[in-house]
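Visitor: Quick one: the structure is below, and I'll ask about it shortly.
The values are calculated or read from the model by the stated rules, or taken from the named source; none is laboratory data. Just so it is clear, the model here is predicted, and its values are computed rather than measured. With ideal geometry, Cβ positions are generated from the backbone for all residues, glycine too; neighbour counts draw on all protein chains shown. Calculation scope for accessible area: heavy atoms of the full protein, side chains included, ligands and nucleic acids excluded. Shrake-Rupley method; radii C 1.70, N 1.55, O 1.52, S 1.80 Å.
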Amino acid sequence: MHLEKKDMEKKFVDELRWRGMIQDIMPGTEELLNKQMVAGYIGFDPTADSLGIGNMVPVMLLLHFQQAGHKPIALVGGATGMVGDPSGKSAERNLLDEATLNHNVACQKKQLEKFLDFNCGPNSAEIVNNYDWFKGFSFLEFIRDVGKHISINYMMAKDSVKNRMENGMSFTEFSYQLVQGYDFYHLWKNKNIQLQMGGSDQWGNIVTGTELIRRKSGGEAFALTTPLIKKADGTKFGKTESGNIWLDKAKTSPYKFYQFWLNASDEDTKTYIRIFTLFTKEEIESLETAHAAAPHLRTLQKALAKDITIRVHSEADFNAAVEASEILFGKGTAEGLQKLSEEDFLSVFEGVEQFAVSGQEVEAGINIVELITEKTKIFPSKGEARKMIQGGGVSVNKTKVENAEMSVNAEQLINNKYMLVQKGKKNYYVIKVG
RNA sequence: GGGGAGAUACCAGAGUGGCCAAAUGGGACAGACUGUAAAUCUGUUGUUUCGACUUCGAAGGUUCGAAUCCUUCUCUCCCCA
């Protein structure tokens, strides 16, 4: 099987190189990719029922891969997810039960379908699930056919294993690299997939695959990894105070999603815009020039946030997020807020966390601390709420709460129904009274 | 099977009879400054009706008084065979 590569104008490796998306690449990989159409895959770990933005890196990788005329395959790890990847983990993982796993695989599959083209001729994308070839594979068969080819010494030399020798690691996790390695072998043998990609933490696992292919069949396969994204301040990418940033709107509203990108630091944005958007090199450089000339306009962050919000969600979601942001962070004042119509108010705060409180409770006036702790879950304890108020960190309807004894009543409601509570500068909560 | 080490707040990690709601560092949150950025500085980080109350793996015990001493239990790690 040897297919003609259909679109040669964009060279995959060159493209990744200037975007800073290459950590390691196996010798010969680039030559192969420039010569012919190649099928390549990336594995996704079904630990949650939605992909997070961290997973957007491999998604973008597959997208570039397809745009360069190659055939992208996304592998969802129905089988590997049952074992647990030790890479990058310092402790033994908890295993998910089968039902959860199936659910997660199905959800991730649906999300992946949004980004790749599954109907464009020979290089159409595909999704495979490694559970399909592992479900009928018995333990004895596996250790005879696969385990026999790879030595323990080889497996133990891997960083993912070495790092865990101190704290211990189960046989299950130890065998993970073999299971993943076999995926590569299986795909290489049955689907002519010659390349596996992934994050740099996957290098060891990927190489076990190419090694297995070489020893078992004398075949050749290739590998390419991306650097792990780190924020300039060294903290983990893709997380905020309130947790992971997910692609699923039900888990992370488009508003929050948009805000996440908008809030990225200048330094990080330069990295992100190369990785997460499809802007060309020239476009990015001109955006950077514009940004440097007037940093307070945050040209880069806006371009990044817009592009990715539209691609992950939709244009309408993006517009709503911008509108909400304008009102919350623009010249929005207490008066401006009062003037909002009910529909506008609701659409603006669609993605903001909401709480309901009954009418009578507010009618006569209610203490602010009680309102934000007991009636709603904005603060976990009264002590904390008081301290925050004393530190000037709480506002109601854009007006700072001066002391903890203050009470609020029906007169302060917006449209006689809503109240906007702010914890710090960026965390908004809507209280609906009625 | 034998020997050893250990379990303290979100994490790391001091504390080995009262001065301990528990050092220090990190993280997190907030304030100031800004550009909804970064850096910096400051504050907070068990609950509370501010009188207290419940915390140091679990349960008991000794004591006027326990994270600290004793007993049992649970769990974790390391080394040897």
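Visitor: Over chain A, what relative contact order in percent results from Cα pairs under 8 Å that are six or more residues apart?
Guide: Relative CO of chain A lands at 13 percent.
Visitor: Cβ neighbours within 10 Å, averaged per peptide: list A:41-53, A:131-143 in order, most packed at the top.
Guide: Packing proxy ranking, top to bottom: A:41-53, A:131-143.
Visitor: Next question. Run the dipole for region A:349-433 about the Cα centre, Lys and Arg Cβ at +1, Asp and Glu Cβ at -1, nothing else charged, and hand back the magnitude in debye, nearest 20. If you can, show how the numbers build up before the last one.
Guide: On the way: 12 positive and 10 negative charges, 78 e Å.
The dipole of region A:349-433 has a size of about 380 debye.
Visitor: What dipole magnitude, in Debye to the nearest 20, does region A:12-226 give about its Cα centre under +1 on Lys/Arg Cβ and -1 on Asp/Glu Cβ?
Guide: Dipole of region A:12-226, to the nearest 20 debye: 340 debye.
Visitor: Starting from the Cα of A:LYS382, draw a straight line to each of the lysines and keep only those under 24 Å, dropping any in the same chain fewer than 8 residues away.
Guide: Cα-Cα hits under 24 Å: A:LYS398, A:LYS400, A:LYS423, A:LYS425, A:LYS426, A:LYS432.
Visitor: While we're looking at this one, here's another question. With θ set to phi - 60° and the Karplus curve 6.51 cos²θ - 1.76 cosθ + 1.60, what are the ³J(HN,Hα) couplings of region A:191-205 in order, to the nearest whole Hz, using x for Gly and Pro?
Guide: Per residue, the Karplus-derived 3J(HN,Hα) values read 10, 6, 8, 9, 9, 10, 10, x, x, 4, 5, 8, 3, x, 5 Hz.
Visitor: On to the next question. So what is the orientation-averaged projected area of region A:239-329, using the convex hull of its C-alpha atoms, in nm²?
Guide: Directional mean of the projected Cα hull area for region A:239-329 stands at 5.9 nm².
Visitor: Another question, then. Over region A:360-423, what is the relative contact order in percent, taking alpha-carbon pairs closer than 8 angstrom and at least six residues apart? Walk me through the intermediate numbers first.
Guide: Numbers: 77 pairs, mean separation 24.5, N = 64.
38 percent.
Visitor: Cβ neighbours within 10 Å, averaged per peptide: list A:189-195, A:262-268 in order, most packed at the top.
Guide: Numbers: A:189-195: 17.4, A:262-268: 15.9.
Final packing ranking: A:189-195, A:262-268.
Visitor: Toward the positive end of the charge dipole of chain A, about the Cα centre and with charges on Cβ (Lys, Arg +1; Asp, Glu -1), which of A:GLN196, A:ALA264, A:ILE372 goes farthest?
Guide: A:GLN196
Visitor: Using a/c under 1.5 as the rounded threshold, could you call chain A rounded, prolate or oblate? The axes a ≥ b ≥ c are square roots of the C-alpha gyration tensor eigenvalues, and prolate needs a/b larger than b/c, oblate otherwise.
Guide: Cα axes put chain A in the prolate bin.
Visitor: Let me ask something else about it. Can you compute 3J(HN,Hα) from phi for each residue in region A:65-79, using the Karplus curve 6.51 cos²θ - 1.76 cosθ + 1.60 with θ = phi - 60°, rounded to whole Hz and x for Gly and Pro?
Guide: After applying 6.51 cos²θ - 1.76 cosθ + 1.60, I find 4, 5, 5, 8, x, 9, 9, x, 10, 9, 9, 9, x, x, 8 Hz.
Visitor: In debye to the nearest 20, how big a dipole does chain A give about its Cα centre with +1 on each Lys and Arg Cβ and -1 on each Asp and Glu Cβ?
Guide: Roughly 700 debye, rounded to the nearest 20.
Visitor: If you count, for each residue, the other Cβ atoms within 10 Å and average over each peptide, how do A:396-405, A:244-253, A:304-313 line up from highest to lowest?
Guide: A:304-313, A:244-253, A:396-405
Visitor: While we're looking at this one, here's another question. So which aspartates and glutamates can A:LYS377 reach, going by Cα to Cα under 15 Å and dropping same-chain residues fewer than 8 places off?
Guide: Straight-line reach from A:LYS377, under 15 Å: A:GLU353.
Visitor: Something else now. Ignoring any ligand, DNA or RNA, what whole percent of the accessible area of chain A comes from carbon and sulfur when the probe is 1.4 angstrom? All intermediate terms of the calculation are to be shown ahead of the outcome.
Guide: Working: 10360 of 20680 Å².
Reported share for carbon and sulfur atoms: 50 percent.
Visitor: Based solely on its DSSP helices, what 222 nm [θ] is calculated for chain A when runs of n ≥ 4 H residues each add -39,500 (n - 2.57) and the sum is averaged over all residues, nearest 500 deg cm²/dmol?
Guide: Rounded to the nearest 500, the figure is -12500 deg cm²/dmol.
Visitor: A further question follows. List the pairs from A:LYS71/A:LYS306; A:LYS114/A:LYS256; A:LYS114/A:LYS249; A:LYS35/A:LYS191; A:LYS230/A:LYS306; A:LYS10/A:LYS256 whose alpha-carbon separation is above 25 Å, in the order I gave them.
Guide: Violating the 25 Å Cα-Cα cut-off are A:LYS71/A:LYS306; A:LYS10/A:LYS256.
Visitor: Right, another one. Considering only protein heavy atoms, what per residue accessible area in square angstrom results for chain A with a 1.4 angstrom probe?
Guide: Result: 48 Å² per residue.
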